[in-house]
Amino acid sequence: MRRLLLLIWLMPLAVAGGLLPPLLGAGVWALLAVPPLAAAGWGWGALGRNWQSWRYLERDDDLLISRGVLWRKLTAVPYGRMQLVEVTSGPLERKFGLARLQLHTAAAATDATVPGLDPAEAERLRDRLTELGEARSAGL
């Protein structure tokens, strides 16, 4: 989905940069198509690496979320600290059969998101985390 968005934004720039200058008699300016094409090629690979870097693991007391290629980030969200677990899916995500799970805690810095989930998996994970959160917070 993100790769499609990348192409939707950069390909019109590349086409305009490659076709308009020759039509207007300034052929050398057709090189303006190179930067958008280079950005699309780099972005294609970067988006693939970023997508593959997302991981989550359900442990006994918390949920671990790992992400990042250059700067790795590992977030541990204790089940007892979860206040809200929601599943969202925008129009484009629904078109591609994707959903996003978002966890809210009392501390804004520890809110966590798991994007790109299958909707059934997102709902299963939401129900499980809600159940575990209720069980753990009852003991506080």
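Kindly check whether there is at least one residue in region 129-138 that is surrounded by fewer than 16 Cβ atoms within 10 Å (Cβ to Cβ), under 15 Å from the mean Cα position of the chain (by Cα) and in a helix (DSSP H, G or I). Full working, then the answer.
Our first condition is that a residue be surrounded by fewer than 16 Cβ atoms within 10 Å (Cβ to Cβ); within region 129-138, this holds for 130-131, 134-135, 137-138.
From what is left, the residues that are under 15 Å from the mean Cα position of the chain (by Cα) are none.
Within region 129-138, none of the residues are surrounded by fewer than 16 Cβ atoms within 10 Å (Cβ to Cβ), under 15 Å from the mean Cα position of the chain (by Cα) and in a helix (DSSP H, G or I).
Filter region 65-75 for residues that are of a type outside the set (Val, Ile, Thr) and either within 16 Å of GLN102 (Cβ to Cβ) or buried (at least 16 other Cβ atoms within 10 Å of the Cβ) (or both) and give the result.
Step one: of region 65-75, the residues of a type outside the set (Val, Ile, Thr) are 66-68, 70-74.
Once the filter is applied, which keeps residues that are of a type outside the set (Val, Ile, Thr) and either within 16 Å of GLN102 (Cβ to Cβ) or buried (at least 16 other Cβ atoms within 10 Å of the Cβ) (or both), region 65-75 yields ARG67, LYS73.
Tell me the residue from GLN52, GLN102 that is open to solvent by 30 Å² or more (accessible area, probe 1.4 Å), polar (S, T, N, Q), closer than 22 Å to LEU129 by Cα and free of Cβ contacts under 8 Å to residues at least 24 places away in the same chain, please.
Working: GLN52 fails: closer than 22 Å to LEU129 by Cα.
Matching residue, one of GLN52, GLN102: GLN102.
Just one of VAL69, VAL85 is under 16 Å from ALA135 (Cβ atoms), modelled with pLDDT of 85 or more and either in contact with a helix residue (DSSP H, G or I) (Cβ under 6 Å, 6 or more places away or on another chain) or not in a strand (DSSP E or B) (or both); which is it? It would help to see each step written out before you state the result.
Working: VAL69 fails: under 16 Å from ALA135 (Cβ atoms).
Just a single option satisfies the conditions, and that option is VAL85.
Residues in region 41-58: is at least one within 23 Å of ARG3 (Cα to Cα) and among the charged types (D, E, K, R)? Lay out the reasoning, then the answer.
In the first step, residues of region 41-58 are kept if they are within 23 Å of ARG3 (Cα to Cα); the result is 41-56.
Remaining after also requiring among the charged types (D, E, K, R): 49, 55.
Yes, there is a match, as at least one residue in region 41-58 is within 23 Å of ARG3 (Cα to Cα) and among the charged types (D, E, K, R).
Looking at region 65-89, I want the residues that are closer than 18 Å to ASP118 by Cα and acidic (Asp, Glu) and have a partner that is in a strand (DSSP E or B) and open to solvent by 40 Å² or more (accessible area, probe 1.4 Å) with Cβ atoms under 6 Å, at least 6 apart or on another chain. Which pairs are those?
As it stands, the answer is GLU86/GLN102, since those pairs meet every condition given.
Filtering region 5-40 down to residues that are modelled with pLDDT of 80 or more and surrounded by fewer than 12 Cβ atoms within 10 Å (Cβ to Cβ), which residue is farthest from VAL69 (Cα to Cα)?
PRO12
The values are calculated or read from the model by the stated rules, or taken from the named source; none is laboratory data. In this text, all values refer to a predicted model and were calculated from it rather than measured experimentally. Cβ atoms come from the backbone with ideal geometry, glycine included; neighbour counts cover every protein chain shown. Each accessible area value is taken on the protein alone, full model and side chains, heavy atoms only, with ligands, DNA and RNA left out. Shrake-Rupley method; radii C 1.70, N 1.55, O 1.52, S 1.80 Å.
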